[in-house]
1. Just one of the numbered conditions (1) farther than 17 Å from B:Asp136 by Cβ; (2) at pLDDT 95 or above; (3) of a type outside the set (S, T, N, Q) is not true of A:Gly59; which one?
2. Could you check the range A:67-160 for helices (runs of 4 or more DSSP H) lying wholly inside it with 2 or more residues that are within 12 Å of chain B (Cβ to nearest Cβ), among the aliphatic types (A, V, I, L, M) and open to solvent by less than 70 Å² (accessible area, probe 1.4 Å)?
3. Test each condition in (1) open to solvent by less than 50 Å² (accessible area, probe 1.4 Å); (2) more than 11 Å from the ligand (Cβ to nearest atom); (3) aromatic (Phe, Trp, Tyr) for B:Phe163 and report the one that comes out false.
4. Which count do you get for residues in the range B:169-206 that are closer than 24 Å to B:Trp69 by Cβ and open to solvent by 80 Å² or more (accessible area, probe 1.4 Å)?
5. Looking at this structure, is B:Ser40 within 15 Å of the ligand (Cβ to nearest atom), under 23 Å from B:Val177 (Cα atoms) and more than 14 Å from chain A (Cβ to nearest Cβ)?
6. If B:Leu143 satisfies every condition in (1) within 14 Å of another protein chain (Cβ to nearest Cβ); (2) more than 16 Å from the ligand (Cβ to nearest atom); (3) open to solvent by 20 Å² or more (accessible area, probe 1.4 Å); (4) aliphatic (A, V, I, L, M) but one, which is the exception?
7. Looking at the structure I just gave you, is B:Ala176 closer than 30 Å to A:Gly136 by Cα, in a helix (DSSP H, G or I) and of a type outside the set (Lys, Arg)?
Amino acid sequence: MRLMVQKFVILLVGSAIVMPAGYLAAAELTPAEIIKTRQEHLKDMGASMKAIVDQVKTGKPDVSIATDAAKKIAAYSRELPKWFPKGTGDEAGIKTAAKPEIWAQPDDFQAAAEKLPPEADKLVEAAATGDAAMIGAQLQATGKACQGCHKVFRVPPQEH
Amino acid sequence: MPTPDLDHGAKHPVRLWRVRIWDLPTRLFHWLVVGLFAFSWWTAESDRLDWHILSGYAILALVVFRIYWGFVGSDTARFTTFLKGPRTFFAYSRRLLDRPVHISQGHNPMGGWSVIALIALLLLQAGLGLFAIDVDGINAGPLDNLVSFETGRRAAGLHGLVFNILLMLTALHVAAVLYYWLWGRDNLIDAMITGAKLMPGVEPPRATRFAPLGRAVLGLIAAALLVACVVLWRF
Ligand code: HEM
């Protein structure tokens, strides 16, 4: 019993020290780190889209692969607006394709971001059916939501 | 068919002889590529990706055909005829400023290399497109499922880079053609359209050996089938 109390106290004190430290560390992410992290997330989101495209291409989509990927996109889509705090544009001094318009027209950016979650949710539903045509159609609709934001708020790469 | 005597009654008068140099398949290849290249550019810029992809397949089939034709086509279309070694290349380059220029019965020793560069880059460009994917993950080349998203994105990036190189090379190509016409007094464009040109000479120039048209048709069908298999096959 004494041992348990001791452990409890140590745990309590320990977390009292560690938690704010962790919190502070999180708050202290440099703009460069934030940009890097969001780009990783965005790439992962793109890879998830592609994973579903690949499933559709087989003609017989694997429901669990497609659903997992769709859920990931849906989860990311709710985080996305938080990935662009002020100061994480070009001024951060690291390569980013985020346009200054994100911060100049925050309402428009928010509106563009809000288009994604509903489409992503429908993508989860479509994925669950395992129907290639349905998934394909909802992929296009979801992709349009990505594209709608990219067209306005992302510097286009030279790619075609 | 000899034309007017240019040396006013000299012992061996230089005449202009009308010779056919480009066969129909080579000319069709050329002008189709010009049209499709422009179309691909426009559809890419205006986000008509489905048309862009179809146009790319057509270019791919044409280029595959042209490579085949480079081995079994008419004289002037063959790689072995128009790819010349460095000695010929540099010897020719020293005569580039002559006016009128030296008239070639086919690609000249420098132009041949620009032709092979254009063909190789077109092949590379269309090949990269097969693996490319756009940032939204929805518009993807048909072989994209063989690679990761990152590799697909890299392919898309290179697809953009090679396009810019192609644009520059095309500009150089058109500039050279115009130079031959305006400075060198050799109208290459007319020859690429009609297939024939006027060659100066005392004797009639040797006739170009033309490959049978059926061979071209077979090659084109085979090239189209090959491309169809590559893009339709579920790997
Ligand atoms: C309006 C623009 C263009 C004009 C006027 C033009 C004109 C010509 C001419 C006159 C030739 C024959 C050269 C010679 O006599 O040796 C030629 C060859 C060639 N051109 Fe063009 N060209 C144009 C655009 C392009 C474009 C956009 C491409 C591809 C990107 C291209 C690719 C080629 C190739 C590959 C050949 C070699 C043809 C063969 O042997 O099969 N050209 N062009």
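The values are calculated or read from the model by the stated rules, or taken from the named source; none is laboratory data. Since the structure is predicted, the reported quantities are computational estimates derived from the model, not experimental observations. We place every Cβ from the backbone using ideal geometry, glycine too, and count neighbours over all the protein chains shown. For accessibility, only protein heavy atoms count, side chains too; no ligands or nucleic acids. Shrake-Rupley method; radii C 1.70, N 1.55, O 1.52, S 1.80 Å.
1. Failed condition: (2).
2. A:116-129, A:132-153
3. Status for B:Phe163: all satisfied but (2).
4. Count: 3.
5. On the way: within 15 Å of the ligand (Cβ to nearest atom): yes; under 23 Å from B:Val177 (Cα atoms): yes; more than 14 Å from chain A (Cβ to nearest Cβ): no.
Considered against the rule, which asks whether it is within 15 Å of the ligand (Cβ to nearest atom), under 23 Å from B:Val177 (Cα atoms) and more than 14 Å from chain A (Cβ to nearest Cβ), B:Ser40 comes out as no.
6. (3)
7. Working: closer than 30 Å to A:Gly136 by Cα: no; in a helix (DSSP H, G or I): yes; of a type outside the set (Lys, Arg): yes.
Here the answer is no, as B:Ala176 does not meet what is asked.
Condition check ((1) within 11 Å of the ligand (Cβ to nearest atom); (2) of a type in the set (Phe, Trp, Tyr)) across all residues:
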{"position": "B:Ala77", "(1), (2)": "yes, no"}
{"position": "B:Gly85", "(1), (2)": "no, no"}
{"position": "B:Phe89", "(1), (2)": "no, yes"}
{"position": "B:Arg94", "(1), (2)": "no, no"}
{"position": "B:Pro100", "(1), (2)": "no, no"}
{"position": "B:Gln105", "(1), (2)": "yes, no"}
{"position": "B:Leu122", "(1), (2)": "yes, no"}
{"position": "B:Gln125", "(1), (2)": "yes, no"}
{"position": "B:Val135", "(1), (2)": "no, no"}
